[in-house]
1. Given the convex hull over the Cα atoms of the chain, what projected area results after averaging over all orientations, in nm²?
2. Which of the trypsin sites (Lys or Arg not before Pro) found in the range 130-206 are in a DSSP loop and have at most 10 neighbouring Cβ atoms, other than their own, within 10 Å?
3. If exposed chymotrypsin sites (Phe, Trp or Tyr not before Pro) are those in a DSSP loop with at most 16 other Cβ within 10 Å, what is the longest stretch of the chain that has none?
4. How much accessible surface does VAL54 have with a 1.4 Å probe, in Å² rounded to 10?
5. Restrict the search to the range 130-191; then list the GluC sites (Glu not before Pro) that DSSP places in a loop and that have at most 13 other Cβ atoms within 10 Å of their Cβ.
6. Scan around GLY238 for amide H atoms under 5 Å from its own, H built in the peptide plane at 1.01 Å from N, and keep only partners 5 or more places away or cross-chain.
7. With the cut-off at 1.5 for a/c, could you classify the range 174-288 from its C-alpha gyration tensor as rounded, prolate or oblate?
8. Through the Karplus equation 6.51 cos²θ - 1.76 cosθ + 1.60, θ set to phi - 60°, convert the phi angles of the range 302-312 into ³J(HN,Hα) values in whole Hz; use x for Gly and Pro.
Amino acid sequence: MANVKLSDMKTSYASLGRAHKRMAYDIGYAKKLNLLNDAINTNGRVTSAIADLVDPGSLDSPDPDSADFGRVVEALKHFVRDWSEEGREERERIFSPILNVLREQPKGKVLVPGAGLCRLAWEISQLGHQTTANELSYFMNLAFEFLLKRTSTPNEHTVHPYVHWFSHQRSNATLFRPVKFPDVVPSSNETLCFFHGDFFSIPTEDKFDYVVTLFFIDTSLNIISTLEQIHALLRPGGLWINLGPLLWTSGGQAQLELNLEEVLRLSEKIGFRIFERTADPTTAPKTIPCEYTSDKSAMMKWIYQAEFWVAQKVCH
Ligand SMILES: C[S@@+](CC[C@H](N)C(=O)[O-])C[C@H]1O[C@@H](n2cnc3c(N)ncnc32)[C@H](O)[C@@H]1O
């Protein structure tokens, strides 16, 4: 797919008139397309190693489409955000409020639904909590499996995560910069386990002490069902820790698209007590300006004013 895009870009370049093509050549555009070719090959080493983990019988359609290509590009950016030194600042901004709460709480069972590439779940498990990372996306699960099974030293892998979008770049140096990962080698351990599949299929008899949702609840097609499931999965008195925006939704038309006040009112109706601003500063609600898998060097920034809160399951 990346090669198809490159070929389209080459065709567009070739369609320039003679004088303009000469000018583009003189400023280095043809060389830039060659650099893209090299970067695609480097990224291909990682994506092929991930594809090698695929069980062929598990694929509905063996032919990748442009949505698949988008998911692969997203996965490359998630490697940066979750598992590289370059992603540290972005990570710390959103992980710290959550980890600060869990550091202060008694050790218990934690569920992280929509865990993505699992860095947050892994950090929580490192605090000594028995952590379950849940993720529906086959792409994300394979990418994390690659980290677990095909990595033995820090910064062993290299990707060029930004090459698939030429917009908002200051230079070839920023566009083609390589990012090494992982900054630490994740390993399977007894405090981290996985539930691959739909969060709604996690049995509600398995009660958790904490459910942590990071950039997750707004992926719901039905936010009421999501909050009910979080409630059902918690033991009485258990805590739900949330951080994220309200960007309804990437996967289809949500049945409800609520504002923050409505989400908080709904949470109380379902049986949560949201910790208030006057309480302990670690559990008090706050607004966290943050980015999500951003390119730090780009000429464009998308800043979320993400909302953080902690809520306790109360029984009516
Ligand atoms: C916006 S991403 C956030 C990922 C991760 N929490 C992070 O911050 O990097 C939302 C994630 O939730 C996953 N997801 C969405 N619906 C899900 C469901 N019903 N069960 C499990 N995971 C789900 C998606 O596949 C995606 O990886």
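1. Values: hull surface 72.1 nm².
About 18.0 nm², averaged over all directions.
2. When the trypsin sites (Lys or Arg not before Pro) of the range 130-206 are filtered for loop state and at most 10 Cβ neighbours within 10 Å, ARG170 remain.
3. The longest such stretch corresponds to 1-164.
4. 30 Å²
5. Values: sites: GLU135, GLU145, GLU156, GLU190; in loops: GLU156, GLU190.
Those that pass, being in a loop and sparsely packed, are GLU156, GLU190.
6. Counting only residues 5 or more places away or on other chains, the set is LYS313.
7. Cα axes put the range 174-288 in the rounded bin.
8. With coefficients 6.51, -1.76 and 1.60, one gets 10, 10, 8, 9, 6, 10, 10, 8, 10, 9, 10 Hz.
The values are calculated or read from the model by the stated rules, or taken from the named source; none is laboratory data. Since the structure is predicted, the reported quantities are computational estimates derived from the model, not experimental observations. Please note: Cβ atoms are built from the backbone with ideal geometry, for glycine as well, and neighbour counts cover all protein chains shown. Just the protein is used for accessible areas: all its heavy atoms, side chains included, with ligands, DNA and RNA removed. Shrake-Rupley method; radii C 1.70, N 1.55, O 1.52, S 1.80 Å.
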